[in-house]
Structures are given as C-alpha cells and as structure tokens.
Amino acid sequence: MCPMKKSKAIHYQLDPVNANAHLLHVSCRIPRPDAKGQQLSLPAWIPGSYLIREFARHIVWLKAECNGQPVAVEKIDKATWLCAPVQGELLIRYEVYAFDLSVRGAYFDSQRLFFNGTSVFLQVAGQGSRACIVDILPPKADDCKGWRVATALPRLDAPKHGFGTYIADDYDELIDHPVEIGHFDQIEFKANGVAHELVIAGRHSADLKRLARDMKKICAAQIDFFGGKAPFERYVFLVLAVGDGYGGLEHRASTALICSRDDLPRKGQSGISDAYRTFLGLVSHEYFHTWNVKRIKPAAFVPYELSRENYTRLLWAFEGITSYYDDLFLLRCGLIGIDDYLKLLAQTMTGVQRGAGRLKQTLEESSLDAWSKYYRQDENSPNSLVSYYTKGALAALLLDLQIRRQTRGRKSLDDVMYGLWQHYLDSPRGVSETEWEQIAGQITGLPLQSLFDRLLRSTEELPLADALAAFAIELQLRPAESAADKGGKYLCDELSRLAQRPVLGVRSASDAGVVKLTHVLDGGAAQAAGLAANDVLIALDGLRVTPANLDKMIENRAAGDTLLVHAFRRDELMTFKLTLKPAAADTVALRLADQADAGQLALRQGWLGRPDNLVKSE
C-alpha cells in the first residue's frame with residue numbers, strides 16, 4: 001500500500017479482551033471525518049444470508065474521541081451513530097459481544113475466535129471506498145496461547161497465519177473475508193495452479209490429504225467450467241467441525257463452513273459415504289458461488305445496501321442453479337457415480353414434492369419473500385412456501401435438459417453460465433430482473449419464454465418425468481416406505497402395499513421423551529382431526545405414545561382406521577378422533593432406463609458422461 005493511500009485509510013484494531021465473557025474491543029480511526037459530523041453504522045445483514053440479523057445489537061458500548069478529548073455521540077437508529085463535528089482524526093472505540101456459533105456472525109471463547117467483518121467493523125458513512133487497515137491482536141489469556149490466524153484477507157505485515165496488520169481495498173472487501181483464529185489443522189493444495197488452503201477447527205480425525213485430493217478435483221473442475229482462470233489469487237476453506245451441524249456462507253476468496261465431524265473422512269476409509277458426500281456437496285456449492293453470486297449477481301445487490309432488505313426475484317438463479325451444479329460437479333469430477341447422482345437428484349425432487357407450498361408459491365415469489373418467509377420458517381412453512389434452493393435446482397435441471405434436447409446436445413445450461421460469466425466478468429453492474437432470461441435465450445438461440453413462465457411464475461407441477469424420459473431416465477413417484485425414507489430408492493415390489501400405508505400427516509420431534517408435533521401437513525389426517533403444531537401426543541387408542549413406538553403404532557393399523565388421540569395443547573388435555581389416510585405418492589426414485597435409442601443415449605452421455613468413466617461410491 002502506498003504511503004498516500006495508507007495515510008487516508010480507515011484503520012481498525014481488533015483486540016480479543018475476554019474469552020470467558022465473549023468480548024472483543026474494536027477501534028476505528030478515521031483520518032478525515034465528515035466536517036458536518038461523522039455517521040457510523042454496522043450492517044444489519046450479511047450478504048449470502050437473506051435475513052435482517054441486527055448485528056448492532058451486539059455492540060455493548062461505543063465511545064468517540066479526538067485529540068484525546070471525548071466527542072459527543074448520538075445513536076440515531078438501531079444501527080447508526082452520529083459523532084459531533086471535530087477537527088482532526090476521529091477515534092471510535094466500542095465493545096462487541098461475540099457468541100454466535102454460526103458462519104454468519106462472530107464467536108469468541110477459550111477455544112476459538114471467528115468473525116465476519118459485518119459483525120465487528122463499523123462502516124464509515126461516505127467513505128466506503130477508502131482503503132482499510134486492520135490490526136488483529138492476539139488474545140492475552142493463557143488458554144489462547146499458540147493461536148494462529150487463517151483468512152483470505154491480504155496481509156500487510158502480518159506473518160503467514162500470524163497476528164498483525166491486514167489490508168483491504170475498501171469496506172466491501174473488508175467485510176468479505178471471514179477470519180478464523182485459534183488452534184486448527186490446515187493443508188494446502190493447488191487447483192489449476194492457484195493456491196488453496198483447507199483449515200479445520202474443532203475436534204476431528206479427518207484425513208487431510210484425502211480431503212485436499214478430493215476438494216482439488218472439485219475446484220479444478222469448476223475453474224475449468226468458467227474458462228480456466230480463477231478470479232482470485234488464493235482461496236481459503238474455513239471449516240468448523242462439530243458434533244452435529246451443517247451450513248456454509250460464500251465469500252469472494254473463501255468460504256466458512258460448519259459440518260458434523262463424522263461427515264469428514266478418516267484415515268483408512270475408502271469410498272464415499274453418504275455423510276462425506278454431504279460435505280463434498282457443501283464444498284462444491286459454496287465454491288460455485290465464487291462465480292455465481294459473488295461476481296455474477298443480481299443488480300439489486302450492486303452495491304449491497306446493508307442497512308435494509310435487498311429484494312430480488314432472481315435467487316432461484318443464484319441459489320437454485322448453484323444447488324443444481326453442486327452435486328453435478330461431484331459426478332463430473334469422478335467423485336461419485338451416476339447411480340449416486342440420480343439418488344441425490346431424486347431426494348431433491350422428493351423434498352419439493354412433500355411440501356404443499358410448491359402449489360401455492362412460485363419461484364419468483366419464493367426469491368422475493370426470502371427475507372420474510374424462507375429465512376423465518378414456522379410450523380406452517382411446508383404448507384405455504386417452496387424453497388428457491390431445491391425447486392430452483394429442479395428448474396435449472398429442466399432448463400438444462402430442454403436446452404440440450406432442443407439443440408440436440410449442441411448447447412446446455414453450461415453455455416448460459418459461461419456466457420453470463422463472460423458478460424459480467426468486467427462489468428460493474430449486476431443482472432437485472434429480466435436480463436437473465438433474455439441472455440439465456442440469446443446464448444441458446446431458443447424461445448424459452450413459455451418454459452420460464454412455467455418454472456418461475458407458475459405453481460404447476462414440474463414436468464420432470466417427461467423431461468427425463470428424453471434422456472432414457474425413468475422417474476418413479478411412490479409413497480414412502482417409512483418416515484425415514486428420503487427418496488432415491490427405486491422399488492419394483494410392494495408398491496400396492498405402500499399405497500395403503502397409513503400416515504398421520506405430521507412431522508414430529510422428540511422433546512424430553514415425548515412426541516411433539518412440529519408441522520401438521522395440508523390435507524393430512526391430523527389436520528382433518530384438528531391437531532395442531534406444538535401438540536404433544538400422549539396416547540393412541542389408550543396406549544402411551546413415545547418417540548420410539550409412534551411409527552410402529554401407526555404402521556400396525558390400516559388406512560381408514562379411526563383412532564382416539566389424546567394430546568396436550570399447552571397444559572390442557574384434549575381428545576381427537578383421527579381417521580388414518582393412505583400415504584401420498586410423494587417420494588421420487590430415478591434409474592437409467594433398460595431401453596434407450598441412440599439419440600437418448602447421446603443426450604444422456606452429454607449430460608451425465610459415460611458410466612465406465614466414473615468411480616462407484618459405497
């Protein structure tokens with residue numbers, strides 16, 4: 001950084017002062033504050049997670065000074081402070097409570113410190129384009145000795161993995177590099193000549209070399225997909241391994257992930273288990289976002305307005321298409337086989353099919369309502385909304401298949417994504433609300449309007465079976481074998497028995513040894529009987545209900561049987577007459593058709609590749 005730019009930079013310092021109280025002290029030096037009074041604010045949300053999270057509520061206190069003298073500060077709304085006019089450098093000091101164990105916020109205890117800039121760095125109004133300097137200080141507690149730093153934030157004078165000074169070109173870059181601090185394992189690899197680092201915090205027994213080998217395949221395949229040149233010089237995967245967890249958040253040159261430690265492969269394990277495949281799918285998803293949302297993004301996000309909701313109808317294209325490609329890349333780079341991929345795809349279809357919300361909310365509405373519905377789900381959500389992740393992935397699938405079929409394999413969704421990348425590679429603007437569809441039509445040369453209308457602006461059932469049949473793939477829609485059946489298993493027998501399998505039409509959870517209803521599904525037996533979410537089941541026909549015996553009690557009855565149900569609603573014991581209904585055909589399985597003509601085989605090979613080129617999973 002040149003001396004002139006450094007002298008004008010906003011200078012932050014982060015000091016982890018108290019691990020036991022989860023407190024960080026942060027300072028912000030502003031060399032040239034606004035002469036009329038400097039306004040400061042903390043973001044209300046973090047890009048990639050579309051919910052107002054009110055990060056400013058974690059600021060415990062805030063003070064200002066200039067030339068060693070106190071400066072009056074007025075809080076003018078929930079996340080904004082106004083400092084009185086001063087002559088000279090303005091220094092802001094504040095305390096942040098950090099106890100959000102997620103990929104979105106800040107967390108500090110005696111085991112680790114993790115933070116996103118949106119949770120700790122105040123934005124200086126009118127100076128967002130100024131360079132930022134950050135001094136990260138080591139914790140002083142004995143428990144924190146030997147801690148290291150992992151981040152994609154560029155270093156100024158900090159040693160590798162060390163405390164010291166880091167830099168960012170502007171505020172937007174500053175808050176787009178999460179930081180992991182503590183004891184962690186790490187391994188490096190190169191994909192297409194670009195340095196990548198995997199960092200794992202938390203207890204685990206992962207085979208780091210195998211992880212690096214497998215993740216390198218995913219990264220190289222995606223870099224090739226977008227033209228062979230990565231849009232970053234270095235990339236960091238920040239992983240927290242816990243007992244039970246799953247999630248990720250994308251950034252411009254890194255991603256923060258949470259996974260169950262059992263999802264990670266151990267030394268000596270061969271093949272790819274379902275759990276490890278889940279982790280690799282998460283890696284693939286967040287890495288694909290490097291292009292699709294971090295750089296190709298909705299115009300509504302250019303620039304991000306971090307104090308309020310940024311509405312767009314295009315989340316289906318950025319999250320849904322990414323959800324389509326995440327598992328597909330596991331297939332393309334040889335980590336899973338075609339049967340495994342079809343199983344994953346069928347499970348996605350099953351998830352969509354089991355929600356009545358698919359018949360009530362369109363994909364565009366789902367995208368627009370992310371702030372108020374998808375990220376604020378309640379007991380009625382399966383009945384009222386559809387996920388732009390999962391249905392968006394199916395929309396991407398249908399779009400891909402139609403393009404391939406109508407162009408006889410000459411074009412695909414791949415061409416659309418690469419074309420979008422080329423179009424927005426050097427563009428400072430984002431994709432307008434209608435532009436994505438227009439560009440897809442231009443690149444493919446196809447009239448896609450009616451398909452887009454059906455996929456995005458309609459609640460009609462998706463034509464999945466017909467679309468897949470053109471690729472010699474058979475779709476089976478059947479009732480579930482049990483409550484644990486997530487789909488993906490193609491059945492030839494017992495279909496007539498399953499069609500009469502009795503179900504309650506609920507989702508439930510074990511709560512202190514009792515069965516608590518979490519969701520009562522539209523059209524189900526429980527809803528017809530008057531049961532509601534949060535009811536606690538006590539007995540069926542006079543016999544005690546437990547989490548261990550509920551499924552068996554229902555399976556031993558027949559559709560049409562009437563049961564006497566006792567349940568607590570709040571603290572009142574209530575009685576219901578419930579008539580069991582047969583299980584709906586809401587479970588999907590896929591398989592390669594036994595019979596296929598040359599055209600179908602060519603299309604399928606172009607989409608999925610040759611089975612003999614792909615490894616088989618466990």
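The values are calculated or read from the model by the stated rules, or taken from the named source; none is laboratory data. All figures in this text were calculated on a predicted structure; none of them were measured in a lab. So basically every Cβ, Gly included, is an ideal-geometry build from the backbone, and we count neighbours across all protein chains shown.
The rows are residues; the columns are (1) in contact with a strand residue (DSSP E or B) (Cβ under 7 Å, 6 or more places away or on another chain); (2) in contact (Cβ under 8 Å) with a residue 60 or more places away in the chain.
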{"site": "PHE225", "(1), (2)": "no, yes"}
{"site": "TYR246", "(1), (2)": "yes, no"}
{"site": "ALA256", "(1), (2)": "yes, yes"}
{"site": "LEU330", "(1), (2)": "no, yes"}
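Considering the range 103-123 alone, what residues qualify as being assigned to a strand (DSSP E or B), hydrophobic (A, V, I, L, M, F, W, C) and within 13 Å of HIS58 (Cβ to Cβ)? Result: ALA106, PHE108, PHE115. Of the set (1) touching a helix residue (DSSP H, G or I) at 6+ places or on another chain (Cβ under 8 Å); (2) β-branched (Val, Ile, Thr); (3) surrounded by fewer than 19 Cβ atoms within 10 Å (Cβ to Cβ), all apply to THR165 but (1). When the range 166-212 is filtered for residues that are touching a residue at least 24 places away in the same chain (Cβ under 8 Å), in a loop (DSSP other than H, G, I, E, B) and of a type outside the set (D, E, K, R), the ones remaining, listed by number, are ILE175, HIS177, PRO178, HIS183, ASN192, GLY202, HIS204, SER205. Among strands (runs of 3 or more DSSP E) entirely within the range 457-529, having at least 1 residues that are small (Gly, Ala, Ser) and surrounded by fewer than 17 Cβ atoms within 10 Å (Cβ to Cβ) singles out 506-511. Of note, LYS516 does not satisfy the criterion of being closer than 29 Å to ASP274 by Cα and in the same structural domain as LEU342 (by TED's automatic domain parsing). Please tell me if ASP109 is assigned by TED's automatic domain parsing to the domain that holds ALA19, of a type in the set (Asp, Glu) and closer than 20 Å to ILE181 by Cα. Answer is yes for this residue.
Taking the stated definitions as given, is ALA559 in a loop (DSSP other than H, G, I, E, B), assigned by TED's automatic domain parsing to the domain that holds ASP485 and in contact with a Lys or Arg (Cβ under 8 Å, 6 or more places away or on another chain)?
Details: in a loop (DSSP other than H, G, I, E, B): yes; assigned by TED's automatic domain parsing to the domain that holds ASP485: no; in contact with a Lys or Arg (Cβ under 8 Å, 6 or more places away or on another chain): yes.
So ALA559 does not fit the description; no.
Screening ARG29 on (1) over 23 Å from ASP169 (Cα atoms); (2) basic (Lys, Arg); (3) touching a strand residue (DSSP E or B) at 6+ places or on another chain (Cβ under 7 Å) shows it passes everything except condition (1). Here is the figure for the range 177-190: residues that are among the aliphatic types (A, V, I, L, M) and over 23 Å from the mean Cα position of the chain (by Cα) total 1. Of all the residues that make up the range 124-142, how many are surrounded by fewer than 22 Cβ atoms within 10 Å (Cβ to Cβ) and part of a strand (DSSP E or B)? Looking only at that region, the number is 2. Count of the range 566-596 residues, restricted to those that are in contact (Cβ under 8 Å) with a residue 60 or more places away in the chain, of a type outside the set (A, V, I, L, M) and more than 21 Å from MET553 (Cβ to Cβ), is 4. Looking across ARG570, ARG544, one residue alone is on the phi > 0 side of the Ramachandran plot, basic (Lys, Arg) and out of contact with any Leu (no Cβ under 8 Å at 6 or more places or on another chain). It is ARG570.
Give the residue that is surrounded by the fewest Cβ atoms within 10 Å (Cβ to Cβ), with candidates limited to residues of the range 310-328 that are among the aliphatic types (A, V, I, L, M) and in contact (Cβ under 8 Å) with a residue 40 or more places away in the chain. By that ranking, first place goes to LEU315.
Looking across LEU399, LEU420, one residue alone is crowded, with 16+ Cβ neighbours inside 10 Å, among the aliphatic types (A, V, I, L, M), farther than 30 Å from ALA598 by Cβ and modelled with pLDDT of 95 or more. It is LEU420.
Identify the residue in the range 335-372 that is part of a helix (DSSP H, G or I) and among the small types (Gly, Ala, Ser) and, among all such residues, is nearest to SER270 (Cα to Cα).
Looking at the filtered set, the residue picked out is ALA346.
A search for C-beta distances below 7 Å between a residue of the range 356-382 that is β-branched (Val, Ile, Thr) and any residue that is surrounded by fewer than 20 Cβ atoms within 10 Å (Cβ to Cβ) and not in a helix (DSSP H, G or I), counting only pairs 6+ apart in sequence or on different chains, returns THR362/ARG457; THR362/SER458; THR362/THR459. Can you find even one residue in the range 373-386 that is in a helix (DSSP H, G or I) and under 25 Å from PHE471 (Cβ atoms)? The answer is no; no qualifying residue exists. Take the conditions (1) over 21 Å from LEU280 (Cα atoms); (2) not assigned by TED's automatic domain parsing to the domain that holds GLY117; PRO159 misses just one of them, which is (2). Taken together, the criteria place LEU345 among residues that are closer than 28 Å to LYS297 by Cα, of a type in the set (A, V, I, L, M, F, W, C), buried (at least 22 other Cβ atoms within 10 Å of the Cβ) and touching a helix residue (DSSP H, G or I) at 6+ places or on another chain (Cβ under 8 Å). Considering only residues in the range 481-508 that are at pLDDT below 95, among the small types (Gly, Ala, Ser) and under 30 Å from PHE568 (Cα atoms), the one that is farthest from the chain's Cα centre (by Cα) turns out to be SER482. Checked against the criterion of being at pLDDT 95 or above and more than 30 Å from ALA465 (Cα to Cα), the candidates ALA529, ALA585 yield just one match: ALA529.
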